[in-house]
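The structure under discussion appears below in the form of structure tokens.
All of the numbers you see were taken from the coordinates with simple rules; none came from a lab. Given the structure is predicted, the values throughout are model-derived calculations rather than measurements. We place every Cβ from the backbone using ideal geometry, glycine too, and count neighbours over all the protein chains shown.
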Amino acid sequence: MSGQTGDERGMDRDNERGIDRDNEHDHQRDEVVAAVRHWLTRAVIGLNLCPFAKSVHVKDQVRYVVSQATDDADVLDELERELRLLAEANPEQIDTTLLVVPHALGDFLAFNDFLYFADRLLGSLRLDGTLQIASFHPQYQFEDTAPDDIENYTNRAPYPILHLLREDSIARAADAFPDAADIYERNMETLRELGHDGWLKWMAGKSDL
């Protein structure tokens, strides 16, 4: 039986390292998706911050995409691909997309600036009126609030997230919830009643409302 050459052994090591990197990438993606799913089910659905979210979650119509981008340009490229995919997809299979960005846009001000280009991209693709982009961020801060104000937690997520939604789905959901216009104020009140300690316990699964 003949032994391997040095080149062959080197190729085997390269292949093993490639497999290890793929496995590590899959593991990291699974961890990110698990954290986002927990946030979605515990905060967004559990606190009823968005009464439209439960239906698409239960029907498994949410597409989770974990970006590997590390700069704004690559995030924008990925956003374009996801906008095109959602616009062309069957709504019964993919109603909405969560584009999670764990390696870029970590600074909220930079993230907020990026949203301008995201909206311009939406317009350049002529998807205004078809899709819209909502946003969540670990440091999310509403105008005229302090960074630690509990109200900001209605839009805080484990990672920067670009939420791609169908305008038709939003319209149908709004019709089904006559008080949709009051959601923002109701969410503010929910978070004020919960407080910071209550939020931490709720997200850890250690309390009930």
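The loop-placed trypsin sites (Lys or Arg not before Pro) in the stretch 35-89, going by DSSP, that have at most 11 neighbouring Cβ atoms within 10 Å of their Cβ come out as K59. For trypsin sites (Lys or Arg not before Pro), the sites in the stretch 99-200 that DSSP calls loop and that have at most 10 other Cβ atoms within 10 Å are R126. Answer rounded, prolate or oblate for the stretch 54-188, using the Cα gyration tensor with square roots of eigenvalues a ≥ b ≥ c: rounded when a/c is under 1.5, else prolate when a/b is larger than b/c, else oblate. Oblate.
The angle separating the long axis of helix 167-176 from the principal Cα axis of greatest extent in the chain is about 40 degrees. Sorted ascending by nearby beta carbons within 10 Å, beginning with the fewest, L98, L200 become L200, L98.
Here Q139 and N90 are evaluated by their C-beta separation; at R0 = 25 Å the FRET efficiency comes out at 0.10. Projected label points at S55 and E31, each 7 Å from Cα along the beta carbon direction, are separated by 3.6 nanometres. R0 = 41 Å: FRET efficiency of E80 with D182, Cβ-based, nearest 0.05? Once the sixth-power term is evaluated, E becomes 0.75.
Across the options N48, P158, S67, the greatest Cα extent toward the positive end of the charge dipole of the chain (unit charges at beta carbon of Lys, Arg, Asp, Glu) belongs to N48. Estimated from helices alone, the mean residue ellipticity of the chain at 222 nm is -17000 deg cm²/dmol (sum of -39500 (n - 2.57) over DSSP H runs with n ≥ 4, per residue). Per-residue 3J(HN,Hα) values for the stretch 104-109, derived from phi via the Karplus relation 6.51 cos²θ - 1.76 cosθ + 1.60 with θ = phi - 60°, read 8, 6, x, 7, 5, 5 Hz in sequence order (x marks Gly and Pro). Of the GluC sites (Glu not before Pro) found in the stretch 41-93, those in coil by DSSP whose Cβ has at most 11 other Cβ atoms within 10 Å are E92. Between 0 and 90 degrees, the angle of helix 6-39 with respect to the longest Cα principal axis of the chain falls at about 10 degrees.
Rounded to the nearest 20 debye, the dipole size of the stretch 10-203 about its Cα centre is 520 debye, using +1 on the Cβ of Lys and Arg and -1 on the Cβ of Asp and Glu. The mean sequence distance of close C-alpha pairs (under 8 Å, at least 6 residues apart), as a share of the length of the chain, puts its relative contact order at 20 percent.
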